[in-house]
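Undergrad: This is the structure I have questions about; it appears just below.
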Amino acid sequence: MARILVVEDHPANLKLARIILENAGHVVVASDDAVDGLRVAAQIRPDLVLMDIQLPGMDGLEALARLRADPATAAIPAVAFTAFAMKDDRERFLAAGFNGYLEKPISVREFPAQVAALLASAGAGART
Ligand code: MN
């Protein structure tokens, strides 16, 4: 079980992610914009953040930069949650400081295992 913050402005994507993650036993907290997402991240210190890139106002890359710049949230694992999953984009996301990426559209069958692998590789749960 992990606490997962999903920052996603598309209601259908958020709804599907929430259903799948909750069915997998995780606690899901959601934000539909980056400013609110950063506030929530600092408040609840989630085990993992799924960060959409295309968001209204501040985009996901800027949000990640701010997450990493704040000592209170710098160590929180965050993955890009995006349809932009070309090889160059993946490298750009990792270079920007994301711990990984999850492709949209969400695969109902694969999503739980993908998230579990990201949690494991990010060392989620190892933080005190
Ligand atoms: Mn979006």
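Undergrad: Could you grab the pairs with beta carbons closer than 9 Å, sequence gap of 6+ or different chains, first residue in the range 12-32 and touching a residue at least 12 places away in the same chain (Cβ under 8 Å) and closer than 11 Å to Met1 by Cα, second one open to solvent by 40 Å² or more (accessible area, probe 1.4 Å) and assigned to a strand (DSSP E or B)?
TA: Qualifying pairs under 9 Å: Leu21/Val27; His26/Arg3; Val27/Arg3; Val28/Arg3.
Undergrad: May I pose another question? Can you name the residue in the range 41-67 that is open to solvent by 70 Å² or more (accessible area, probe 1.4 Å) and either more than 14 Å from the ligand (Cβ to nearest atom) or touching a Cys at 6+ places or on another chain (Cβ under 9 Å) (or both) and is also nearest to Ala116 (Cα to Cα) among such residues?
TA: Per the criteria, the residue is Arg45.
Undergrad: In addition: Being within 21 Å of Ala2 (Cα to Cα) and in a helix (DSSP H, G or I), is that true of even one residue in the range 44-63?
TA: Yes, because at least one residue in the range 44-63 is within 21 Å of Ala2 (Cα to Cα) and in a helix (DSSP H, G or I).
The values are calculated or read from the model by the stated rules, or taken from the named source; none is laboratory data. This one's a predicted model, so the numbers in the text were calculated from it and none came from an experiment. Neighbour counts run over all protein chains shown; Cβ positions are idealised from the backbone, glycine included. To get the accessible areas, we keep the full protein, side chains included, count just its heavy atoms, and leave off ligands, DNA and RNA. Shrake-Rupley method; radii C 1.70, N 1.55, O 1.52, S 1.80 Å.
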